[in-house]
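A quick write-up on the structure given underneath.
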Amino acid sequence: MLQIENLTKIYDDGTQALTDVSFTVEEGEFLVVIGLSGSGKSTLLRCINRLVEPTEGRITWNGRDITAADQSELREIRREIGMIFQHFNLVKRSTVMTNVLSGRLGYTPPAWSLINRFRKEDRVRAMQALERVGIPDKAGNRADELSGGQQQRVGIARALMQEPKMILADEPVASLDPVLAHSILGNLERINQEDNMTVICSLHFLDLVQRYASRVIGLRDGVIVFEGDSQDIRQLSDERFKEIYGEEAERLGG
Amino acid sequence: MDANQEPTVNRRPSLLYGALSLVLPGLGQAIAGQFRRGSGIFLTFIVLAGLSIWTVAQRARFPDLTLSAQIFWIVFLECAALLLFLICIRYLLNRFLIKDVSGQVFTQWGLIIFYAVAIFLIADSLLSNAGTSEELQQVYESTTVFSAAIFAVFWFWQIGDAARIGARQEIPSMGPAIASACLLIFVLGWNITQIDLPKAIEEYRDTQVILRQLIWPWEAAFEFEVVSVEATARVQAPCPEGEIGPPENEPIAGESWIIVTPTCGELSVLSLSGEFTPGTELTITGGNFTPGSEVEIFWKNPIGNPFRPRGVGETIIPIDENGEFVTNLNIPQALIPDTAVGAQIHTVVIREESTVVFTWRLSREMKLALVGMLETIMLGLMATFFGIIFAVPLSFLAARNLMSNIVSTISAITGGLLLAVAGLILAGLITGQISSLLGGLSENPILIALIGLVLVLGLGYLGWRLGSWGLATLGERAPAILSRILTAFLFALIGAAFGYALGLFFSRGIRAIILPDEVAALTEDRYAIFGAGVLGVISFIYAYRINFDGEIRIGMIIYAIVRTIMNIVRAIEPLIWALVGIIWVGPGPFAGTIALTLHTIAALGKLYSESIESIDPGPLEAIQATGGNRLQTIIYAVIPQVLPPFISFTIYRWDINVRLSTVIGLVGGGGIGFILIQWIRQFEYEAAGLAVWLIAITVSVLDYVSSEIRERFV
Ligand SMILES: Nc1ncnc2c1ncn2[C@@H]1O[C@H](COP(=O)(O)OP(=O)(O)OP(=O)(O)O)[C@@H](O)[C@H]1O
Ligand SMILES: [Mg+2]
């Protein structure tokens, strides 16, 4: 169970990205964070694994205080939280295999890295992860030879290597076309359901939100302005919609 | 009100502003509201006038600035008078004669050209007016007139400019001012650099010989052998009745031959009374010599000493186009030792003028040059190699994106620093002990240096870890106020040490410049203690305020230190480093290697760290998010991204290093430059040409290879 209490983030330049955000995520949930660009979605997700240092507030996860963890404790926490990025964040010049294996670094003695060594079972696990996301034949390719959708699958495989208990996905499909978006989110959904893994995902498109979310949080200017399940989203009134997305927003499709 | 005021502003007489600028350049503009323009004009004026006067003084070789100023001023006034006259003419023409615009432009250009030509023509007379004294005559130099003339143009331009600005016309273009300033600087520059075209043309012919040797020195690259062809024939003398002498020679195919007939005869005799009786006349025929050359006849007596026969016939014989010759020679007088009895065998030797023959062996100079070139390439290579070793780790410390998020608590830093210093001191002591056990540094230098290095690194690091862990843990366990004060106190100790050093530096480095060294030394303690006190107190207050677990951005501090040092080292030219190296280890390639290595570390360190700073931060975050530590992040996210630029920069630097090492050789850093400068000093231009050619070939090959390799990688 992830518990976020009074989380506030003020960047060095004075930007107030999050203001007093509190919510709880139960195990096995597929929580989607929605909001306009600049509303603080990325900041929120990054605060959870402290890629961004929270300014105030507390984040506890299964009884461990993430915000108070020191460096080595933080690394232990991080290796149990997988992260998937909008721009995949693969090392483009390395092979797919190396990229996937790098998800295992938290479990590998740092000195081994000097000679690029991984455990044998980690290599097996990496192949399994690639099979799971459907691209086992690309293991030897350089990452930048893959298409966008394939690269994001490598990103998911890398997260799976961590054997995480939770996955943070920051707009995982924003740079992909709709068909690929469904297949990537389908992957995440399967992982969520098969492994009962908590997924926290920020998304842009409401139809995707309705299709995949078990619960939704809406952010606006760093403040939570909406909380509900996928049913609520479907029945979102125009006023509520405008509350999240601002006065000028037009509802498309839906 | 406002409407009434506007026109009065417009009607302010523009001549006033012109007059102001006439008195003090730029004043009119400044008062008319264009303060920056005015001060710019004024400054330009001062600089240009100073430069002109200084140049005039230099030309005259009497650095009397007042006198030069005086001359310059007189010439300037004369030019200004001429210009004023032309301006008046232009005004009158425009006012009464020429009304259409193109005509006015035409007269304007005509007058400008007239001015230029007039200045050219009357330059002499203007100067002869300048004064009659001996010294003034020396200033007789067209530079003075030209600069004064341009200066006058500039002066009048700014007067007109002020007048127009004053009259609230639209702001005039700076074009004429910039043009005349540039022209003036060009004239002065021409003079200061002592450009002298006639001299360059006159004396070109003397250079030709040297240039030819420098440009095409290949003859000096190989060894030549001096070869002389000889043919011999034997003759018996004296020739008693019935003797026929040795058999005649036969012509030999493919070899020079001679035949002498007869092969038996009497020697010439010079009686005591001085009467000369020539010996038997011999006919000498020869063949297979070099057509067109000459041969020389030698006579070899029975003991084997050759000499030139004198007074018995021609001894220098031309060879005909078939390579043959015929000549006559009386047997010369030859001293025969008393012990010799009876007939003796003499030898006629025909020697062809020695010829110089090309061999495929390299000359000594070429060998020297090749060895020097190899030395140079290796020097560049070694410097690059050492440069990489040190620059790579340094570049990570000098990369902002990697260092900016390294923070540590003040207690960890304080404890770490203190124990690290303790570790270093301990390492020094132990190394000293071991060194004396092993028989001193000169006995086992490498072993001791290695042990020292390992100890310093090991104990220093250990001390750092132990200290930072110890003080941080202590801080958490002990009562808060106690650990706060303890940390602040220890931190103040470090600050005080730093302040002590700073105080000493101030006293020895800065006060000693002003005061005599001994006087400064008397009170240096006071300064040191003062520095220690001030910084100690400041550190204590700072550390106390942020508390023992307050964070310090230690990464940025290290970043700033490394960057600063690298910038300083890089700013000092490799040539200077070479001088340092030569003083350190004496002239030779080692000194050059040290110089280049130092500069390479700084230059590559900067290039590397900049390429680290420009990497995509995404993969870094991704590796961090998987729980990887700093080392793993660097190995899996940074290095794959920076490898191609690193390789590219390294090869680029190697290229530069080889070039630089030739230059460094010139000042004594070894390699081909060292040899080259010696040859130039000894006027051995052919050998020097060889060296220059080798450098050019190497550099262009390297250029090609390095760009090829770089293309592969990037
Ligand atoms: N490193 C940073 N330094 C300063 N301000 C930042 C930084 N990162 C984000 N911000 C600011 O914080 C606010 C929230 O940004 P955040 O990236 O969390 O928004 P987002 O909802 O993820 O937007 P998007 O949909 O465009 O990704 C924005 O105003 C942004 O400008
Ligand atoms: Mg975002």
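The values are calculated or read from the model by the stated rules, or taken from the named source; none is laboratory data. Only a predicted model underlies this, so the values are computations on that prediction, with no experimental measurement involved. Cβ: placed from backbone, ideal geometry, glycine included. Neighbour counts: every protein chain shown. These area figures cover heavy atoms from the full protein model, side chains too; ligands, DNA and RNA do not enter into them. Shrake-Rupley method; radii C 1.70, N 1.55, O 1.52, S 1.80 Å.
At-a-glance table
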{"item": "Pairs where the first residue, in region B:542-568, is closer than 18 Å to B:ASN401 by Cα and the second is open to solvent by 50 Å² or more (accessible area, probe 1.4 Å) and not in a helix (DSSP H, G or I), C-beta under 6 Å, 6+ apart", "result": "B:ARG553/B:VAL407"}
{"item": "Tally, over region B:583-600, of residues that are part of a helix (DSSP H, G or I), open to solvent by 30 Å² or more (accessible area, probe 1.4 Å) and in contact (Cβ under 8 Å) with a residue 24 or more places away in the chain", "result": "3"}
{"item": "Residue satisfying condition, being on the phi < 0 side of the Ramachandran plot, open to solvent by 20 Å² or more (accessible area, probe 1.4 Å), in the same structural domain as B:PHE85 (by TED's automatic domain parsing) and at pLDDT 80 or above, within set B:ILE122, B:ILE113", "result": "B:ILE113"}
{"item": "Matching residues in region A:148-160 - criterion: being away from chain B (no Cβ under 12 Å) and open to solvent by 10 Å² or more (accessible area, probe 1.4 Å)", "result": "A:GLY148, A:GLN150, A:ARG153"}
{"item": "Residues being among the aromatic types (Phe, Trp, Tyr) and under 20 Å from the mean Cα position of the chain (by Cα) - total across region B:686-714", "result": "1"}
{"item": "Extreme residue, farthest from ligand 2 (Cβ to nearest atom), among residues of region A:161-172 that are open to solvent by less than 10 Å² (accessible area, probe 1.4 Å) and over 15 Å from A:TYR107 (Cα atoms)", "result": "A:MET166"}
{"item": "Which numbered condition B:ALA637 misses (of (1) touching a residue at least 12 places away in the same chain (Cβ under 8 Å); (2) hydrophobic (A, V, I, L, M, F, W, C); (3) within 14 Å of chain A (Cβ to nearest Cβ); (4) open to solvent by 50 Å² or more (accessible area, probe 1.4 Å))", "result": "(4)"}
{"item": "Qualifying residue in region B:587-607 (condition: within 20 Å of B:LEU402 (Cβ to Cβ) and over 35 Å from the mean Cα position of the chain (by Cα))", "result": "no"}
{"item": "Any hit, region A:46-59, residues being within 16 Å of ligand 1 (Cβ to nearest atom), within 13 Å of chain B (Cβ to nearest Cβ), open to solvent by 20 Å² or more (accessible area, probe 1.4 Å) and more than 15 Å from the chain's Cα centre (by Cα)", "result": "yes"}
{"item": "Subset of region A:60-81 (residues that are out of contact with any Ser or Thr (no Cβ under 8 Å at 6 or more places or on another chain) and within 11 Å of another protein chain (Cβ to nearest Cβ))", "result": "A:ASP70, A:GLN71, A:SER72, A:GLU73, A:LEU74, A:ARG75, A:GLU76, A:ILE77, A:GLU80, A:ILE81"}
{"item": "Selection count where residues are away from every other protein chain (no Cβ under 14 Å) and surrounded by 15 or more Cβ atoms within 10 Å (Cβ to Cβ), scope region A:135-147", "result": "6"}
{"item": "Leading residue by the ranking (surrounded by the most Cβ atoms within 10 Å (Cβ to Cβ)) among those in region A:184-230 that are within 16 Å of ligand 1 (Cβ to nearest atom) and outside any strand (DSSP E or B)", "result": "A:LEU203"}
{"item": "Sole exception among (1) out of contact with any Pro (no Cβ under 7 Å at 6 or more places or on another chain); (2) within 13 Å of chain B (Cβ to nearest Cβ); (3) within 16 Å of ligand 2 (Cβ to nearest atom) for A:ILE34, by number", "result": "(2)"}
{"item": "Of all residues making up region B:624-634, the number that are open to solvent by 10 Å² or more (accessible area, probe 1.4 Å) and within 7 Å of chain A (Cβ to nearest Cβ)", "result": "3"}
{"item": "Pair list, Cβ under 6 Å, 6 or more apart: region A:1-30 residue charged (D, E, K, R) and assigned to a strand (DSSP E or B), other residue open to solvent by 50 Å² or more (accessible area, probe 1.4 Å) and away from ligand 1 (no atom under 16 Å from the Cβ)", "result": "A:GLU5/A:SER22; A:GLU5/A:ARG58; A:ASP20/A:ASN6"}
{"item": "Candidates B:VAL371, B:VAL357, B:VAL349, filtered to the one that is among the aliphatic types (A, V, I, L, M) and more than 43 Å from the chain's Cα centre (by Cα)", "result": "B:VAL349"}
{"item": "Any hit, region A:33-40, residues being over 16 Å from the mean Cα position of the chain (by Cα) and either away from ligand 1 (no atom under 11 Å from the Cβ) or open to solvent by less than 10 Å² (accessible area, probe 1.4 Å) (or both)", "result": "yes"}
{"item": "Residue in region B:176-195 that is of a type in the set (A, V, I, L, M), under 21 Å from B:ASP64 (Cβ atoms) and modelled with pLDDT of 85 or more present", "result": "no"}
{"item": "Scope region A:1-32; condition of a type in the set (D, E, K, R) and away from ligand 1 (no atom under 14 Å from the Cβ); matching residues", "result": "A:GLU5, A:ASP20, A:GLU26, A:GLU27, A:GLU29"}
{"item": "Selection count, region A:86-134, where residues are touching a residue at least 60 places away in the same chain (Cβ under 8 Å), open to solvent by less than 50 Å² (accessible area, probe 1.4 Å) and at the interface with another protein chain (Cβ under 8 Å from one of its Cβ atoms)", "result": "3"}
{"item": "Residue among B:GLU621, B:GLU610 that alone is more than 14 Å from chain A (Cβ to nearest Cβ), part of a helix (DSSP H, G or I) and either over 36 Å from the mean Cα position of the chain (by Cα) or surrounded by fewer than 21 Cβ atoms within 10 Å (Cβ to Cβ) (or both)", "result": "B:GLU610"}
{"item": "Residue tally, condition within 16 Å of ligand 2 (Cβ to nearest atom) and small (Gly, Ala, Ser), over region A:13-28", "result": "1"}
{"item": "Helices (runs of 4 or more DSSP H) lying entirely in region A:57-161 (those with 1 or more residues that are of a type in the set (D, E, K, R))", "result": "A:71-78, A:120-132, A:148-161"}
{"item": "Listing of strands (runs of 3 or more DSSP E) fully contained in region B:301-396 that carry 2 or more residues being touching a strand residue (DSSP E or B) at 6+ places or on another chain (Cβ under 9 Å) and within 30 Å of B:PHE276 (Cβ to Cβ)", "result": "B:316-318, B:325-330, B:344-352"}
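Here's the yes/no breakdown for (1) open to solvent by 30 Å² or more (accessible area, probe 1.4 Å); (2) out of contact with any Gly (no Cβ under 8 Å at 6 or more places or on another chain):
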{"position": "B:VAL642", "(1), (2)": "no, yes"}
{"position": "B:PHE649", "(1), (2)": "yes, yes"}
{"position": "B:ARG653", "(1), (2)": "no, no"}
{"position": "B:SER661", "(1), (2)": "no, no"}
{"position": "B:GLY665", "(1), (2)": "no, no"}
{"position": "B:GLY671", "(1), (2)": "no, no"}
{"position": "B:ALA687", "(1), (2)": "no, yes"}
{"position": "B:LEU690", "(1), (2)": "no, yes"}
